[in-house]
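Take a look at the structure set out below.
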Amino acid sequence: MSFREFITQLRSSGRLTEVKDPVSAKYKAPSIAHSTEGPVFFHDVDGSKAIMNVLGSREELASMLGVDRTSIIRRLSEVQPDGEVQIVKESPTMEVIEDEVDLSSLPIMTHFEKDGGPYITAGIVVSEFEGVMNAAIHRLQVVGKDKLAARLVPPRHTYVLHKKASEKNMPLPVAIVIAPHPAITFASTTRVPEGREFHYASALLGRPVELFECSNGVKVPHAEIVLEGYIDPEERVDEGPFVDITGTYDLVRKEPVIHITRILHRKDPIYHGILPAGSEHLLMMGVPYEPRIFRAVSEVTTVKNVVLTEGGCCYLHAIVQIEKQTEGDAKNAIMATFAAHTSLKHVIVVDEDIDIFDMKDVEFAFATRVKGDSDIMIIPNVRGSSLDPRGAEDGTTTKVGIDATKVLAESEKFERAKMPLD
(Lines give C-alpha, C1' and ligand atoms only; values in the text may rest on other atoms or scores of the structure.)
Protein backbone atom coordinates (compact mmCIF):
# COMPACT_ATOMS: atom_id res chain seq x y z
CA MET A 1 0.00 0.00 0.00
CA SER A 2 1.33 3.43 -0.96
CA PHE A 3 0.70 6.75 0.74
CA ARG A 4 -2.02 7.48 -1.84
CA GLU A 5 -3.66 4.12 -1.28
CA PHE A 6 -3.72 4.79 2.46
CA ILE A 7 -5.51 8.08 1.77
CA THR A 8 -8.01 6.21 -0.43
CA GLN A 9 -8.60 3.79 2.46
CA LEU A 10 -9.24 6.73 4.81
CA ARG A 11 -11.66 8.22 2.29
CA SER A 12 -13.60 4.99 1.81
CA SER A 13 -13.89 4.51 5.58
CA GLY A 14 -15.47 7.94 5.97
CA ARG A 15 -12.69 9.15 8.29
CA LEU A 16 -11.24 11.71 5.86
CA THR A 17 -12.27 15.37 5.89
CA GLU A 18 -11.69 17.07 2.53
CA VAL A 19 -11.15 20.80 2.08
CA LYS A 20 -11.62 21.85 -1.55
CA ASP A 21 -11.45 25.64 -1.16
CA PRO A 22 -8.01 27.25 -1.61
CA VAL A 23 -6.20 27.86 1.69
CA SER A 24 -2.85 29.33 2.68
CA ALA A 25 0.08 27.31 4.02
CA LYS A 26 0.70 30.18 6.43
CA TYR A 27 -1.58 29.65 9.44
CA LYS A 28 -4.82 28.74 7.62
CA ALA A 29 -4.24 25.07 6.74
CA PRO A 30 -2.73 24.34 10.19
CA SER A 31 -5.65 26.15 11.85
CA ILE A 32 -8.16 23.97 10.01
CA ALA A 33 -6.22 20.82 10.94
CA HIS A 34 -6.14 21.96 14.57
CA SER A 35 -9.92 22.32 14.69
CA THR A 36 -10.68 19.09 12.78
CA GLU A 37 -10.75 15.65 14.35
CA GLY A 38 -9.07 13.05 12.16
CA PRO A 39 -7.23 13.28 8.82
CA VAL A 40 -7.71 16.41 6.68
CA PHE A 41 -6.98 16.43 2.94
CA PHE A 42 -6.43 19.84 1.34
CA HIS A 43 -6.96 20.00 -2.41
CA ASP A 44 -5.38 23.43 -2.74
CA VAL A 45 -2.76 24.74 -0.32
CA ASP A 46 -1.15 27.56 -2.25
CA GLY A 47 -1.77 25.53 -5.39
CA SER A 48 -0.60 22.14 -4.06
CA LYS A 49 -2.21 19.14 -2.40
CA ALA A 50 -1.50 18.41 1.26
CA ILE A 51 -2.72 16.26 4.12
CA MET A 52 -2.49 16.58 7.90
CA ASN A 53 -3.51 14.41 10.87
CA VAL A 54 -2.77 11.25 8.84
CA LEU A 55 -2.23 9.24 12.03
CA GLY A 56 -4.16 11.73 14.11
CA SER A 57 -5.86 9.22 16.39
CA ARG A 58 -5.39 5.73 17.76
CA GLU A 59 -8.13 4.62 15.37
CA GLU A 60 -5.96 5.50 12.34
CA LEU A 61 -2.93 3.89 13.96
CA ALA A 62 -4.93 0.75 14.79
CA SER A 63 -6.23 0.62 11.22
CA MET A 64 -2.69 0.82 9.87
CA LEU A 65 -1.64 -2.06 12.16
CA GLY A 66 -4.79 -4.14 11.55
CA VAL A 67 -5.80 -4.30 15.23
CA ASP A 68 -8.30 -2.58 17.52
CA ARG A 69 -7.18 0.47 19.50
CA THR A 70 -6.83 -1.40 22.80
CA SER A 71 -4.41 -3.89 21.23
CA ILE A 72 -1.97 -1.42 19.65
CA ILE A 73 0.72 -1.67 22.29
CA ARG A 74 0.57 -5.44 22.62
CA ARG A 75 0.98 -5.66 18.82
CA LEU A 76 3.87 -3.18 18.77
CA SER A 77 5.60 -4.91 21.68
CA GLU A 78 5.69 -8.13 19.64
CA VAL A 79 7.17 -6.66 16.44
CA GLN A 80 10.92 -6.94 15.95
CA PRO A 81 12.99 -4.86 13.48
CA ASP A 82 13.74 -7.89 11.34
CA GLY A 83 11.68 -7.30 8.20
CA GLU A 84 13.04 -7.43 4.67
CA VAL A 85 14.40 -4.47 2.71
CA GLN A 86 14.84 -4.64 -1.06
CA ILE A 87 16.89 -2.29 -3.26
CA VAL A 88 15.14 -1.36 -6.52
CA LYS A 89 16.21 0.81 -9.46
CA GLU A 90 12.95 2.57 -10.26
CA SER A 91 10.53 4.59 -8.18
CA PRO A 92 7.37 6.63 -8.79
CA THR A 93 9.09 9.28 -6.65
CA MET A 94 11.32 9.98 -9.66
CA GLU A 95 8.46 10.98 -11.96
CA VAL A 96 9.64 14.60 -11.72
CA ILE A 97 13.25 15.64 -11.01
CA GLU A 98 14.06 19.27 -10.26
CA ASP A 99 17.72 20.30 -10.28
CA GLU A 100 16.80 23.97 -9.76
CA VAL A 101 15.76 23.96 -6.11
CA ASP A 102 13.15 26.33 -4.75
CA LEU A 103 11.54 25.12 -1.54
CA SER A 104 8.76 27.71 -1.90
CA SER A 105 7.28 25.44 -4.59
CA LEU A 106 6.18 23.12 -1.75
CA PRO A 107 3.30 23.96 0.64
CA ILE A 108 5.61 24.08 3.67
CA MET A 109 3.54 25.45 6.51
CA THR A 110 3.90 28.18 9.10
CA HIS A 111 1.84 27.06 12.08
CA PHE A 112 1.90 29.60 14.92
CA GLU A 113 2.33 33.36 15.24
CA LYS A 114 5.83 33.30 16.76
CA ASP A 115 7.24 30.52 14.54
CA GLY A 116 10.73 31.19 13.22
CA GLY A 117 9.43 30.46 9.72
CA PRO A 118 7.88 27.68 7.66
CA TYR A 119 8.71 24.20 8.96
CA ILE A 120 8.85 20.76 7.36
CA THR A 121 7.45 18.64 10.19
CA ALA A 122 6.98 15.19 8.65
CA GLY A 123 10.31 14.92 6.84
CA ILE A 124 12.26 11.73 7.51
CA VAL A 125 15.95 12.63 7.41
CA VAL A 126 17.79 9.60 6.01
CA SER A 127 21.55 9.90 6.47
CA GLU A 128 24.48 7.64 5.64
CA PHE A 129 28.12 7.89 6.71
CA GLU A 130 30.90 5.31 6.62
CA GLY A 131 28.44 2.48 6.05
CA VAL A 132 26.04 3.50 8.83
CA MET A 133 22.47 4.51 7.98
CA ASN A 134 19.85 6.28 10.08
CA ALA A 135 16.29 7.46 9.46
CA ALA A 136 14.55 9.87 11.84
CA ILE A 137 12.10 12.75 11.78
CA HIS A 138 13.64 16.11 12.59
CA ARG A 139 11.96 19.48 12.47
CA LEU A 140 13.34 21.45 9.53
CA GLN A 141 13.04 25.22 9.29
CA VAL A 142 13.17 26.85 5.87
CA VAL A 143 15.99 29.44 5.98
CA GLY A 144 16.49 29.94 2.23
CA LYS A 145 15.19 28.78 -1.12
CA ASP A 146 17.52 25.77 -0.90
CA LYS A 147 18.42 25.70 2.80
CA LEU A 148 16.94 24.16 5.93
CA ALA A 149 17.96 24.42 9.56
CA ALA A 150 17.77 21.01 11.23
CA ARG A 151 17.18 20.55 14.95
CA LEU A 152 19.60 17.71 15.78
CA VAL A 153 19.19 16.51 19.35
CA PRO A 154 22.20 14.91 21.07
CA PRO A 155 22.81 12.02 21.34
CA ARG A 156 20.35 10.87 18.65
CA HIS A 157 21.82 9.02 15.69
CA THR A 158 21.62 11.83 13.11
CA TYR A 159 23.44 14.13 15.54
CA VAL A 160 26.15 11.47 16.04
CA LEU A 161 26.61 10.86 12.30
CA HIS A 162 26.82 14.60 11.61
CA LYS A 163 29.37 15.00 14.41
CA LYS A 164 31.52 12.22 12.97
CA ALA A 165 31.35 13.72 9.48
CA SER A 166 32.08 17.22 10.81
CA GLU A 167 35.16 16.00 12.68
CA LYS A 168 36.55 15.00 9.26
CA ASN A 169 35.32 18.27 7.73
CA MET A 170 32.99 16.29 5.47
CA PRO A 171 29.36 16.98 4.53
CA LEU A 172 26.83 14.39 5.69
CA PRO A 173 24.75 13.14 2.73
CA VAL A 174 21.02 13.14 3.46
CA ALA A 175 17.70 12.64 1.74
CA ILE A 176 14.51 14.01 3.29
CA VAL A 177 11.55 11.74 2.66
CA ILE A 178 8.07 13.28 2.76
CA ALA A 179 4.93 11.13 2.63
CA PRO A 180 6.02 7.51 2.28
CA HIS A 181 3.59 4.89 3.57
CA PRO A 182 2.55 5.98 7.10
CA ALA A 183 4.04 2.81 8.60
CA ILE A 184 7.46 4.00 7.41
CA THR A 185 6.93 7.44 8.93
CA PHE A 186 5.86 5.82 12.20
CA ALA A 187 8.83 3.43 12.16
CA SER A 188 11.23 6.37 11.79
CA THR A 189 10.01 7.74 15.14
CA THR A 190 10.64 4.45 16.96
CA ARG A 191 13.80 3.72 18.91
CA VAL A 192 15.23 0.68 17.16
CA PRO A 193 18.85 -0.42 16.67
CA GLU A 194 20.83 1.87 14.39
CA GLY A 195 19.94 1.41 10.73
CA ARG A 196 16.92 -0.85 11.35
CA GLU A 197 14.09 1.66 10.86
CA PHE A 198 13.06 0.36 7.43
CA HIS A 199 13.35 -3.23 8.60
CA TYR A 200 10.99 -2.34 11.43
CA ALA A 201 8.58 -0.76 8.94
CA SER A 202 8.69 -3.94 6.88
CA ALA A 203 7.82 -6.01 9.95
CA LEU A 204 4.89 -3.68 10.71
CA LEU A 205 3.64 -3.94 7.12
CA GLY A 206 4.22 -7.67 6.77
CA ARG A 207 5.96 -7.20 3.43
CA PRO A 208 9.34 -5.93 2.15
CA VAL A 209 10.09 -2.21 2.05
CA GLU A 210 11.58 -1.14 -1.26
CA LEU A 211 14.41 1.41 -1.32
CA PHE A 212 15.90 3.25 -4.29
CA GLU A 213 19.22 5.08 -4.42
CA CYS A 214 19.40 8.86 -4.69
CA SER A 215 22.13 10.62 -6.68
CA ASN A 216 24.11 11.23 -3.44
CA GLY A 217 24.06 7.52 -2.57
CA VAL A 218 21.42 7.67 0.16
CA LYS A 219 18.79 4.94 -0.17
CA VAL A 220 15.18 5.87 0.56
CA PRO A 221 11.67 4.37 0.31
CA HIS A 222 9.07 5.37 -2.27
CA ALA A 223 7.37 8.61 -1.28
CA GLU A 224 5.52 11.61 -2.62
CA ILE A 225 8.55 13.91 -2.27
CA VAL A 226 12.29 13.45 -1.61
CA LEU A 227 14.75 16.28 -1.05
CA GLU A 228 18.40 15.38 -1.73
CA GLY A 229 21.23 17.25 -0.08
CA TYR A 230 23.82 17.33 2.66
CA ILE A 231 24.30 18.70 6.16
CA ASP A 232 27.10 21.25 6.15
CA PRO A 233 29.97 20.31 8.50
CA GLU A 234 30.29 23.85 9.91
CA GLU A 235 27.47 26.20 8.92
CA ARG A 236 24.92 26.93 11.62
CA VAL A 237 22.02 29.36 11.89
CA ASP A 238 19.35 30.31 14.42
CA GLU A 239 16.61 27.66 14.50
CA GLY A 240 13.26 28.53 16.07
CA PRO A 241 11.08 29.48 17.77
CA PHE A 242 9.11 26.27 17.24
CA VAL A 243 6.12 24.87 19.10
CA ASP A 244 6.90 21.43 20.50
CA ILE A 245 4.67 18.76 22.06
CA THR A 246 3.83 20.77 25.16
CA GLY A 247 2.22 23.48 23.01
CA THR A 248 4.86 25.96 24.20
CA TYR A 249 7.74 27.52 22.26
CA ASP A 250 11.05 25.73 22.33
CA LEU A 251 14.32 27.66 22.59
CA VAL A 252 16.12 29.29 19.68
CA ARG A 253 19.43 27.49 19.11
CA LYS A 254 22.27 27.48 16.60
CA GLU A 255 21.67 24.39 14.47
CA PRO A 256 23.28 22.81 11.38
CA VAL A 257 22.24 23.79 7.85
CA ILE A 258 21.03 21.31 5.23
CA HIS A 259 21.73 22.34 1.64
CA ILE A 260 19.12 20.91 -0.77
CA THR A 261 20.61 20.06 -4.14
CA ARG A 262 17.72 18.29 -5.89
CA ILE A 263 14.00 17.65 -5.48
CA LEU A 264 12.31 14.43 -6.60
CA HIS A 265 8.56 14.04 -6.53
CA ARG A 266 5.56 12.31 -7.98
CA LYS A 267 3.37 14.11 -10.48
CA ASP A 268 0.95 16.31 -8.54
CA PRO A 269 2.59 15.34 -5.21
CA ILE A 270 0.74 15.23 -1.89
CA TYR A 271 2.60 17.02 0.89
CA HIS A 272 2.34 15.61 4.43
CA GLY A 273 2.49 18.04 7.34
CA ILE A 274 2.37 17.16 11.03
CA LEU A 275 0.76 19.86 13.17
CA PRO A 276 3.13 20.76 16.05
CA ALA A 277 1.53 19.79 19.39
CA GLY A 278 -1.37 18.30 17.43
CA SER A 279 -2.74 14.81 17.85
CA GLU A 280 -0.50 13.25 15.19
CA HIS A 281 2.61 14.84 16.69
CA LEU A 282 1.66 13.57 20.14
CA LEU A 283 1.01 10.02 18.94
CA MET A 284 4.22 9.93 16.88
CA MET A 285 6.22 11.06 19.89
CA GLY A 286 4.50 8.96 22.53
CA VAL A 287 3.27 5.67 21.10
CA PRO A 288 6.77 4.37 20.20
CA TYR A 289 7.66 4.50 23.92
CA GLU A 290 4.60 2.52 24.99
CA PRO A 291 5.88 -0.91 23.85
CA ARG A 292 9.22 -0.15 25.51
CA ILE A 293 7.41 0.47 28.78
CA PHE A 294 5.22 -2.60 28.22
CA ARG A 295 8.27 -4.84 27.79
CA ALA A 296 10.11 -3.30 30.75
CA VAL A 297 7.17 -3.69 33.14
CA SER A 298 6.62 -7.26 31.94
CA GLU A 299 10.01 -8.06 33.45
CA VAL A 300 8.78 -7.20 36.97
CA THR A 301 5.06 -8.07 36.95
CA THR A 302 2.17 -9.04 34.67
CA VAL A 303 1.46 -6.00 32.50
CA LYS A 304 -1.84 -5.68 30.66
CA ASN A 305 -1.60 -2.35 28.83
CA VAL A 306 0.18 1.02 28.68
CA VAL A 307 -0.80 4.46 27.45
CA LEU A 308 0.96 7.81 27.33
CA THR A 309 -1.91 10.23 27.83
CA GLU A 310 -2.82 13.14 25.57
CA GLY A 311 -3.19 15.40 28.61
CA GLY A 312 0.41 14.57 29.44
CA CYS A 313 1.46 15.51 25.89
CA CYS A 314 1.77 11.78 25.06
CA TYR A 315 5.24 12.06 26.51
CA LEU A 316 5.29 13.13 30.15
CA HIS A 317 2.45 11.07 31.71
CA ALA A 318 1.93 7.30 31.57
CA ILE A 319 -0.85 5.02 32.81
CA VAL A 320 0.27 1.42 33.33
CA GLN A 321 -2.27 -1.36 33.85
CA ILE A 322 -1.07 -4.48 35.66
CA GLU A 323 -2.44 -7.73 37.03
CA LYS A 324 -1.14 -7.33 40.55
CA GLN A 325 0.31 -10.49 42.07
CA THR A 326 1.99 -9.24 45.25
CA GLU A 327 2.27 -6.00 47.20
CA GLY A 328 5.14 -4.01 45.75
CA ASP A 329 4.38 -4.95 42.15
CA ALA A 330 3.08 -1.47 41.38
CA LYS A 331 6.18 0.24 42.75
CA ASN A 332 8.40 -2.09 40.75
CA ALA A 333 6.30 -1.21 37.70
CA ILE A 334 6.81 2.49 38.43
CA MET A 335 10.60 2.10 38.53
CA ALA A 336 10.63 -0.02 35.37
CA THR A 337 8.50 2.57 33.58
CA PHE A 338 10.83 5.45 34.45
CA ALA A 339 13.82 3.37 33.33
CA ALA A 340 12.19 2.59 29.98
CA HIS A 341 11.27 6.21 29.21
CA THR A 342 13.68 8.58 30.90
CA SER A 343 11.81 11.71 29.79
CA LEU A 344 8.68 10.59 31.63
CA LYS A 345 7.59 12.80 34.52
CA HIS A 346 4.57 11.14 36.17
CA VAL A 347 3.23 7.56 36.08
CA ILE A 348 0.09 6.03 37.58
CA VAL A 349 -0.20 2.24 37.96
CA VAL A 350 -3.75 0.80 38.02
CA ASP A 351 -5.51 -2.55 38.21
CA GLU A 352 -7.17 -4.54 35.42
CA ASP A 353 -10.64 -3.19 36.22
CA ILE A 354 -9.58 0.38 35.36
CA ASP A 355 -10.00 1.61 31.77
CA ILE A 356 -6.70 3.37 31.07
CA PHE A 357 -8.20 5.17 28.06
CA ASP A 358 -10.84 6.80 30.30
CA MET A 359 -9.26 9.46 32.51
CA LYS A 360 -12.43 9.58 34.62
CA ASP A 361 -11.84 5.93 35.49
CA VAL A 362 -8.15 6.59 36.18
CA GLU A 363 -9.08 9.46 38.48
CA PHE A 364 -11.50 7.10 40.27
CA ALA A 365 -8.57 4.76 40.99
CA PHE A 366 -6.52 7.71 42.20
CA ALA A 367 -9.35 8.84 44.47
CA THR A 368 -10.24 5.46 46.01
CA ARG A 369 -6.99 3.45 46.02
CA VAL A 370 -4.23 5.93 46.84
CA LYS A 371 -2.97 6.71 50.34
CA GLY A 372 -0.55 9.58 49.94
CA ASP A 373 2.04 8.68 52.56
CA SER A 374 2.53 5.12 51.31
CA ASP A 375 1.42 5.05 47.64
CA ILE A 376 3.23 8.05 46.17
CA MET A 377 6.90 7.85 45.21
CA ILE A 378 8.75 11.15 44.78
CA ILE A 379 12.13 11.01 43.05
CA PRO A 380 13.95 14.37 43.00
CA ASN A 381 16.94 15.51 40.94
CA VAL A 382 16.73 13.02 38.07
CA ARG A 383 17.04 13.43 34.33
CA GLY A 384 13.83 14.64 32.71
CA SER A 385 12.75 16.03 29.36
CA SER A 386 14.20 19.15 27.75
CA LEU A 387 10.66 19.80 26.50
CA ASP A 388 9.29 20.21 30.04
CA PRO A 389 8.95 23.94 30.80
CA ARG A 390 9.17 23.13 34.54
CA GLY A 391 12.48 21.30 34.21
CA ALA A 392 15.71 22.75 35.55
CA GLU A 393 18.35 24.29 33.30
CA ASP A 394 20.59 21.25 33.78
CA GLY A 395 17.81 18.94 32.50
CA THR A 396 16.81 17.52 35.87
CA THR A 397 13.33 17.35 37.35
CA THR A 398 11.29 15.63 40.06
CA LYS A 399 9.40 12.49 39.06
CA VAL A 400 6.29 11.15 40.75
CA GLY A 401 5.00 7.57 40.68
CA ILE A 402 1.53 6.76 41.99
CA ASP A 403 0.42 3.29 43.06
CA ALA A 404 -3.34 3.38 42.42
CA THR A 405 -3.83 -0.36 42.79
CA LYS A 406 -5.97 -2.24 45.32
CA VAL A 407 -4.49 -3.61 48.53
CA LEU A 408 -4.60 -7.35 47.84
CA ALA A 409 -5.42 -8.36 51.41
CA GLU A 410 -8.38 -5.97 51.42
CA SER A 411 -9.61 -6.51 47.86
CA GLU A 412 -13.26 -6.82 48.92
CA LYS A 413 -13.20 -3.18 50.04
CA PHE A 414 -12.44 -2.13 46.47
CA GLU A 415 -14.98 -4.30 44.63
CA ARG A 416 -16.90 -2.19 42.15
CA ALA A 417 -20.65 -2.65 42.19
CA LYS A 418 -22.24 -4.28 39.15
CA MET A 419 -25.83 -4.36 38.03
CA PRO A 420 -27.21 -7.81 37.17
CA LEU A 421 -28.11 -8.41 33.54
CA ASP A 422 -31.72 -9.19 32.64
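The values are calculated or read from the model by the stated rules, or taken from the named source; none is laboratory data. Only a predicted model underlies this, so the values are computations on that prediction, with no experimental measurement involved. When we count neighbours, we look across all protein chains shown, and the Cβ atoms used for this are built from the backbone with ideal geometry, even at glycine. Protein only, heavy atoms only, side chains kept; ligands, DNA and RNA dropped before computing areas. Shrake-Rupley method; radii C 1.70, N 1.55, O 1.52, S 1.80 Å.
With a Cα-only, solvent-free Debye model of segment 172-329, what are the log10 I(q)/I(0) values at q = 0.11 Å⁻¹?
Rounded to two decimals, the profile gives -0.61.
Give the Kirkwood hydrodynamic radius (Å, one decimal) of segment 335-396, defined as one over the mean of 1/r across all pairs of different Cα atoms. Walk me through the numbers on the way to the answer.
Details: mean 1/r = 0.0741 Å⁻¹.
Its Kirkwood hydrodynamic radius stands at 13.5 Å.
Can you give the Kirkwood hydrodynamic radius of segment 300-422 from its Cα pairs, in Å with one decimal? All intermediate terms of the calculation are to be shown ahead of the outcome.
Numbers: mean 1/r = 0.0663 Å⁻¹.
It works out to 15.1 Å.
Can you give me the pair-distance distribution of segment 104-185, C-alpha pairs, 10 Å bins, whole percents?
Using 10 Å bins, I get a P(r) of 17, 46, 31, 6, 0 for segment 104-185.
Under a straight-distance cross-link criterion of Cα-Cα below 17 Å, which lysines are reachable from Lys163, leaving out those fewer than 8 residues away in the same chain?
Straight-distance partners of Lys163: Lys254.
What would the Debye formula give as log10 I(q)/I(0) at q = 0.13, 0.22, 0.24, 0.28 Å⁻¹ for the alpha-carbon point model of segment 13-58, no solvent?
Ignoring solvent entirely, the Cα scatterers give -0.24, -0.67, -0.79, -1.03.
Sorted by packing (mean other beta-carbon atoms within 10 Å per residue), highest first, where do 397-410, 286-299, 15-28 land? Show your work: numbers first, answer last.
Details: 397-410: 18.4, 286-299: 20.9, 15-28: 15.7.
With the highest mean Cβ count within 10 Å placed first, the list reads 286-299, 397-410, 15-28.
Could you do me a favour and compute the accessible area per residue for the chain, 1.4 Å probe, result in Å²?
Values: 18500 Å² over 422 residues.
On a per-residue basis, the chain sits at 44 Å².
Given points 7 Å out from each Cα along the Cα-Cβ axis, report the Lys164 to Ser215 separation in nanometres with one decimal.
Here the modelled spin labels are 2.7 nm apart.
Rounded to a whole number of µm²/s, how large is the Stokes-Einstein D of segment 248-326 at 25 °C and 0.890 mPa s, given Rh as the Kirkwood radius over C-alpha pairs? Present the calculation step by step, with values, prior to reporting the outcome.
On the way: Rh = 16.1 Å.
Using the Kirkwood radius from Cα pairs, D works out to 152 µm²/s.
Roughly how much of His157 is accessible, in Å² to the nearest 10, using a 1.4 Å probe?
Roughly 60 Å² of His157 is accessible to a 1.4 Å probe.
Compute from the Cα atoms of segment 1-114 the Rg and the Dmax, the latter being the longest Cα-Cα distance, and quote both in angstrom.
Cα only, segment 1-114: 17.2, 48 Å (Rg, Dmax).
Expressed as a whole percentage, what fraction of the accessible surface of the chain belongs to carbon and sulfur atoms when a 1.4 Å probe is rolled over the protein heavy atoms? Write down the numbers at each step before the final one.
Details: 9330 of 18500 Å².
Carbon-and-sulfur percentage of accessible area, whole number: 50.
Roughly speaking, what is the centre-to-centre gap between segment 84-106 and segment 187-220 when only Cα atoms are used, to the nearest Å?
16 Å
Using R₀ = 45 Å, calculate the FRET efficiency as 1/(1 + (r/R₀)^6) where r is the Cβ-Cβ separation of Glu235 and Arg11; round to 0.05. Don't skip to the end; give the middle numbers.
Numbers: r = 43 Å, r/R0 = 0.95.
In this case the efficiency is close to 0.60.
Helix-only estimate, please: 222 nm mean residue ellipticity of the chain, summing -39500 (n - 2.57) across DSSP H runs of length 4 or more and dividing by its residues, to the nearest 500.
Values: 12 runs with 104 residues, N = 422.
Helix contribution divided over all residues of the chain: -7000 deg cm²/dmol.
Hey, if you drop one equal point scatterer on each alpha-carbon of segment 220-262 and run the Debye formula without solvent, what base-10 log of I(q)/I(0) do you get at q = 0.28, 0.30 Å⁻¹?
Per q value, in the given order, log10 I(q)/I(0) is -0.89, -0.93.
If you line up the Cα atoms of the chain on their principal axes, what length do they span on each, largest first, in Å?
For the chain, the Cα spread along each principal axis is 72, 54, 43 Å.
How long are the three semi-axes of the equivalent ellipsoid of segment 80-136, in whole Å, if each is the root of 5 times an eigenvalue of the C-alpha gyration tensor, listed from largest down?
Equivalent ellipsoid semi-axes, largest first: 29, 19, 12 Å.
If the cut-off is 19 Å between C-alpha atoms, which aspartates and glutamates fall inside it for Lys20, apart from same-chain ones fewer than 8 positions away?
Counting by Cα, and skipping residues close in sequence, Lys20 has these aspartates and glutamates nearby: Glu37, Asp44, Asp46, Asp268.
Apply 1/(1 + (r/R0)^6) to the Cβ-Cβ distance of Asp268 and Glu90, taking R0 = 25 Å, and write down the FRET efficiency to the nearest 0.05.
Numbers: r = 19 Å, r/R0 = 0.76.
Once the sixth-power term is evaluated, E becomes 0.85.
About the Cα centre of the chain, how large is the charge dipole given +1 on each Lys and Arg Cβ and -1 on each Asp and Glu Cβ? Please answer in debye to the nearest 20. All intermediate terms of the calculation are to be shown ahead of the outcome.
On the way: 47 positive and 63 negative charges, 56 e Å.
So the magnitude is around 280 debye.
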